[in-house]
Amino acid sequence: MKKYNPAEIEPRWQKHWEEHGAFEIQDNGNKKKYVLEMFPYPSGDIHMGHVRNYAIGDAIARYSKMNGYDVLHPMGWDAFGLPAENAAIKNNTHPSEWTYKNIDKQLASFKRMGFSYDWERKVVACDPEYYKWGQWIFKQFYKKGLVERKNSPVNWCPGCKTVLANEQVEQGKCWRCHSEVEKRDLTQWYYKITEYSDQLLKDLDKLEGWPDRVRQQQANWIGKSEGAEVDFKLEDTGETITVFTTRADTLFGCSFFVLAPEYEGLKEMVKDTEYETDVLKVIEDASKISALERAQGDKEKHGAFTGKYVINPVNNERVPVWVADYVVADYGTGAVMAVPCGDQRDFEFAKKYDLPIIPIILKDDDPLYEKLKDEQNRAITKVDWPEAMEAEGTLVQSGQFTGLIGGKRSEGEAAIIKFLNDNGTGRKKTEYRLRDWLISRQRYWGNPIPVIHCEECGEVLVPDEDLPVKLPEDIDLANGETLATHKSFAECTCPKCGAPAKRETDTMDTFTCSSWYYLRYTDPHNKDLPFDRDIANRWMPVDQYIGGIEHAILHLLYSRFFTKAFRDMKLLDFDEPFTRLLCQGMVKDEHGETMSKSKGNVVAPEDMIAEYGADAVRAYILFMAPPDKDLLWDESGLAGIYKFMNRFWRVVNDLVCKAGSDNVDDNQTLFKQENETKLKAARDNMIRMRHEVVGRATKDYERYNFNTAISAIMELTNATVEYLTYANPDTRDETTFEIAETLVKLIAPIAPHMAEELWTDVLEHEYSVHTQAWPSFDESKAKKSEVELAVQVNGKIKAKINVATDASKEDIEKIALEAVNLDSQPKKVIVVPNRLVNIVKG
């Protein structure tokens, strides 16, 4: 028997697979399976976090192919972005050079791991042949009314020197560099994802194959609220300021009116008044705090009176207008009717600035209820409560609505909304937290926006024949040159009128590249369209998508938006991109920190591959934990998996009489004096285990529980070793050969190189094991004829017995009592099927 030598076997098979195009998709018209792992950013070589993600996907893809699917399993790189630009500046090189150098490094690692990617379908986001179609998509969105350029407050990262989408601000900090995010007023490009708010929310119900936590995060981010718009009028000008509220039933409790510091027209409202200085200070101070922190409301609140009043449409009362930093313009209208009796943030603000707190909803057991239950007018305008009360109960001090039940979707709310509607001062409204997607970025290394600004013609789209708008290669980033200052890029001619014009110098958010790449994989060489509709419909949606939970409200939400927009543009026939989603657990270091290049705590696989082989590394990372659970990386266990693989290698050889009598297991020969009785029992158990393990492993593979699948394979290996202990070469036959075949097939998706070598060299089959049918099993042959039961006497184990699996309770009791030989009649005998017999002595 030749020794298991992954250092020789693995490179040889990798070369064979590449030369024979083993992983190129063959569309044979069978049922399809599109398996996709999120493509990586090429910021260096891969680490164990990558290995886990891609090993999961590769096992699924290989298993699916063995089950008769036509499998699409591609890979590429999400190659635009700030890390490349910053690295290029730091190392005085070009982002393209840095990016492609890392791509080559990662490509070599992917191949060394034996991942079954169809490299003929490789997608690289910074390749002009790819980003050309991102520009084409921008144009189609523009024509469909899904693109808008507007001036508005944006999130500015001083570290990255660019704007961020709302989804890229985490706890008030940049998701990438963790700088404190500032608010700035800039003219920027937006994708109007809000046009699909309702569809994106409703269609979450279709995504039964997604983790509940991801669906919930998206639902929360979309943030549907049902309520009413209410029109307040400024007392002095008659100008209408509209608010959105989910609690129209509390209008009679509105004691002050609040504008967000970003509210349009606020500065003009107080210009040259005695209130201007205080209001401008609130605006200035609020700009230094993130919108998220302000909206959370747990910081001290600051505000100023504007000197203005609005008229409450339900009672015509004057309500003072304030500006406050706990109100943000990102949600609703940027104006809020403050009801401090029922809202804690309003309550705290009212307490600080000594504003009225008017009780308008009370429970029956409230001390004030008896006094106010029939009171329509204002009897009490301030209460000494420690906090805002739960705004549910009976309306009081609420005009003609007093006595109605108040609360969300209550009779009181419905009656007041009807009153507003009848009087033209309000209407029922559904509002969403989701805001349009800010795609402008003020950096070089991104996809140029295909727009030209002409003084005569305005915004002009770059003609299709001029796509792609290519990034200039001669830019001097190290000395601060930008697209805006790069004369040959920024200056151009209007394609409409021929006059001198300026090219748009913002680039697109890199998430625009990753929002449709999965479609390009289906038709990567199309010169006429980003993808052919029929080809996309054949392979899409992705059957199994694999990636991190951190993309729940970024990439995954944007991809859903793109897919729905493409559907409406008749580019495809489905409306969700990913049928099943697996969010793999994180790989953590010894301190419990997630491995990340930015943290400098990554573990690369090269040294482990050199010592143990790629198959062992793959098997170990899959064995350590279920795929959706975090795992603490511990390299020490890798030697144990490697030992098992050597044992597996020898067992397969021995099952087909190729191990040789000098082969050893733990320094003991496998061949011993044949014992007919033990041999038969071991053989019968091995055959039974073959069916049991195939059944269990199949279920585990279907559920992606590769850790327990590996455990099951180990059990069958051990059962085979027990058989081989009593067997000699004369006892090998078709059955043992078939078990060897089964073992190799079972491990093939996890350890593909070893399986390929065993299949072709040891079992002498034609290449390849990965095109073989997955082994079948017979449940009836997996059942045990006997089961071992522990026998307890007063809670202590006294014996173990073997009984037939279909033995009656009476027979089990009899055998158990004979085994322990009691000196008196038992008080009670309890039989727990398939587990134990508990005897209670009298």
Filter region 533-592 down to the residues that are in contact (Cβ under 8 Å) with a residue 40 or more places away in the chain and of a type in the set (Gly, Ala, Ser) and list them by number.
547, 548, 552, 559, 565, 585, 592
Within region 144-203, restricting to residues that are touching a Gly at 6+ places or on another chain (Cβ under 9 Å) and charged (D, E, K, R), the one that is least open to solvent (accessible area, probe 1.4 Å) is 192
Give just the number: which of (1) more than 46 Å from the chain's Cα centre (by Cα); (2) touching a residue at least 24 places away in the same chain (Cβ under 8 Å); (3) loosely packed, with under 15 Cβ neighbours inside 10 Å does residue 385 not satisfy?
(1)
With the first residue restricted to region 613-627 and required to be within 20 Å of residue 583 (Cβ to Cβ), and the second required to be assigned to a loop (DSSP other than H, G, I, E, B) and open to solvent by 10 Å² or more (accessible area, probe 1.4 Å), Cβ contacts under 7 Å at 6 or more apart or on different chains are 626/705; 627/584; 627/704
Under 6 Å between Cβ atoms, at least 6 apart or on separate chains: pull out the pairs that start in region 464-491 with a residue that is acidic (Asp, Glu) and end on any residue that is part of a loop (DSSP other than H, G, I, E, B).
481/475
Please identify the pairs in which a residue from region 714-740 that is closer than 15 Å to residue 658 by Cα and of a type in the set (Phe, Trp, Tyr) has its Cβ atom under 8 Å from the Cβ atom of a residue that is open to solvent by less than 50 Å² (accessible area, probe 1.4 Å) and in a helix (DSSP H, G or I), counting only partners at least 6 apart or on another chain.
737/655
All but one of (1) touching a Phe, Trp or Tyr at 6+ places or on another chain (Cβ under 7 Å); (2) modelled with pLDDT under 95 hold for residue 226; which doesn't?
(1)
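Among the residues of region 476-508, write down those that are of a type in the set (Asp, Glu) and either touching a helix residue (DSSP H, G or I) at 6+ places or on another chain (Cβ under 8 Å) or over 21 Å from residue 148 (Cβ atoms) (or both). Can you show your working first?
Taking region 476-508 as the starting set, the residues that turn out to be of a type in the set (Asp, Glu) are 476, 481, 491, 504, 506.
476, 481, 491 - these are the residues of region 476-508 that are of a type in the set (Asp, Glu) and either touching a helix residue (DSSP H, G or I) at 6+ places or on another chain (Cβ under 8 Å) or over 21 Å from residue 148 (Cβ atoms) (or both).
Residue 58 - would you say it is open to solvent by less than 10 Å² (accessible area, probe 1.4 Å) and either of a type outside the set (S, T, N, Q) or within 30 Å of residue 473 (Cα to Cα) (or both)? Outline the logic, then answer.
Details: open to solvent by less than 10 Å² (accessible area, probe 1.4 Å): yes; either of a type outside the set (S, T, N, Q) or within 30 Å of residue 473 (Cα to Cα) (or both): yes.
It is true that residue 58 is open to solvent by less than 10 Å² (accessible area, probe 1.4 Å) and either of a type outside the set (S, T, N, Q) or within 30 Å of residue 473 (Cα to Cα) (or both).
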Evaluation of residue 580 against (1) open to solvent by 20 Å² or more (accessible area, probe 1.4 Å); (2) more than 22 Å from residue 48 (Cβ to Cβ); (3) in a loop (DSSP other than H, G, I, E, B); (4) not aromatic (Phe, Trp, Tyr) (one fails), failing number
(3)
Go over the candidates 535, 553, 546 one by one and state the one that is open to solvent by 10 Å² or more (accessible area, probe 1.4 Å), modelled with pLDDT of 95 or more and among the β-branched types (Val, Ile, Thr).
535
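Residues are listed down the side, and each one gets a yes or a no for (1) at positive phi; (2) of a type in the set (A, V, I, L, M); (3) open to solvent by 60 Å² or more (accessible area, probe 1.4 Å); (4) outside any loop (DSSP other than H, G, I, E, B):
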site: 460; (1), (2), (3), (4): no, yes, no, yes
site: 465; (1), (2), (3), (4): no, no, yes, yes
site: 478; (1), (2), (3), (4): no, yes, no, yes
site: 485; (1), (2), (3), (4): no, no, yes, no
site: 488; (1), (2), (3), (4): no, no, yes, yes
Check off (1) surrounded by fewer than 18 Cβ atoms within 10 Å (Cβ to Cβ); (2) modelled with pLDDT of 90 or more; (3) among the β-branched types (Val, Ile, Thr) for residue 787 and give me the number that stays unchecked.
(2)
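Just wondering, is there one or more residues in region 403-411 that are in a loop (DSSP other than H, G, I, E, B) and over 30 Å from residue 311 (Cβ atoms)?
First, pick out the residues of region 403-411 that are in a loop (DSSP other than H, G, I, E, B): 403-404, 407-410.
Then drop every residue that is not over 30 Å from residue 311 (Cβ atoms), which leaves none.
Within region 403-411, none of the residues are in a loop (DSSP other than H, G, I, E, B) and over 30 Å from residue 311 (Cβ atoms).
Within region 389-402, count every residue that is outside any loop (DSSP other than H, G, I, E, B) and either open to solvent by 70 Å² or more (accessible area, probe 1.4 Å) or more than 22 Å from residue 226 (Cα to Cα) (or both).
Here is the first cut: in region 389-402, the ones outside any loop (DSSP other than H, G, I, E, B) are 393-395, 399-401.
Checking which are either open to solvent by 70 Å² or more (accessible area, probe 1.4 Å) or more than 22 Å from residue 226 (Cα to Cα) (or both) leaves us with 399-400.
Qualifying residue count for the region: 2.
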Conditions (1) farther than 20 Å from residue 119 by Cα; (2) crowded, with 21+ Cβ neighbours inside 10 Å; number of the one not met by residue 502
(2)
Please go through region 564-577 and pick out each residue that is open to solvent by less than 50 Å² (accessible area, probe 1.4 Å) and in contact with a Lys or Arg (Cβ under 8 Å, 6 or more places away or on another chain).
565, 569, 571, 572, 574, 575, 576, 577
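Out of 11, 42, report the one residue that is under 22 Å from the mean Cα position of the chain (by Cα) and over 30 Å from residue 698 (Cβ atoms).
Numbers: 11 fails: under 22 Å from the mean Cα position of the chain (by Cα).
Of the residues listed, the single one that is under 22 Å from the mean Cα position of the chain (by Cα) and over 30 Å from residue 698 (Cβ atoms) is 42.
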Taking residue 818 as meeting all but one of (1) open to solvent by 70 Å² or more (accessible area, probe 1.4 Å); (2) in contact (Cβ under 8 Å) with a residue 24 or more places away in the chain, write down the number of the exception.
(2)
One residue is enough: does region 427-439 have a residue meeting the conditions polar (S, T, N, Q) and open to solvent by less than 50 Å² (accessible area, probe 1.4 Å)?
no
On the basis of being β-branched (Val, Ile, Thr), more than 19 Å from the chain's Cα centre (by Cα), within 17 Å of residue 770 (Cβ to Cβ) and not in a loop (DSSP other than H, G, I, E, B), does residue 35 make the cut?
no
Pairs with Cβ under 9 Å, 6+ apart, first in region 13-32 and farther than 21 Å from residue 541 by Cβ and surrounded by 11 or more Cβ atoms within 10 Å (Cβ to Cβ), second at pLDDT below 95 and not polar (S, T, N, Q)
16/767; 20/767; 22/767
Meets criteria (part of a helix (DSSP H, G or I), open to solvent by 10 Å² or more (accessible area, probe 1.4 Å), among the charged types (D, E, K, R) and touching a Gly at 6+ places or on another chain (Cβ under 8 Å)) for residue 101:
no
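Is it true that residue 807 is modelled with pLDDT under 90, surrounded by 16 or more Cβ atoms within 10 Å (Cβ to Cβ) and under 46 Å from the mean Cα position of the chain (by Cα)?
Details: modelled with pLDDT under 90: yes; surrounded by 16 or more Cβ atoms within 10 Å (Cβ to Cβ): yes; under 46 Å from the mean Cα position of the chain (by Cα): no.
Judged against the criteria, residue 807 is not a match.
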Considering 523, 436, which residue is of a type outside the set (Ser, Thr, Tyr) and within 30 Å of residue 409 (Cβ to Cβ)?
436
Tally up the residues in region 323-335 that are buried (at least 23 other Cβ atoms within 10 Å of the Cβ) and either modelled with pLDDT of 95 or more or among the acidic types (Asp, Glu) (or both), please.
3
Kindly indicate whether residue 741 is among the acidic types (Asp, Glu), in contact with a Pro (Cβ under 9 Å, 6 or more places away or on another chain) and modelled with pLDDT of 95 or more.
yes
Out of everything in region 339-363 that is assigned to a loop (DSSP other than H, G, I, E, B) and in contact with a strand residue (DSSP E or B) (Cβ under 7 Å, 6 or more places away or on another chain), what residue ends up being surrounded by the fewest Cβ atoms within 10 Å (Cβ to Cβ)?
363
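The values are calculated or read from the model by the stated rules, or taken from the named source; none is laboratory data. Keep in mind that this is a model prediction, so the values were computed, not measured. Note: ideal-geometry Cβ built from the backbone for every residue, glycine included; neighbour counts use all protein chains shown. Only protein heavy atoms, including side chains, enter the accessible area calculation; ligands, DNA and RNA are left aside. Shrake-Rupley method; radii C 1.70, N 1.55, O 1.52, S 1.80 Å.
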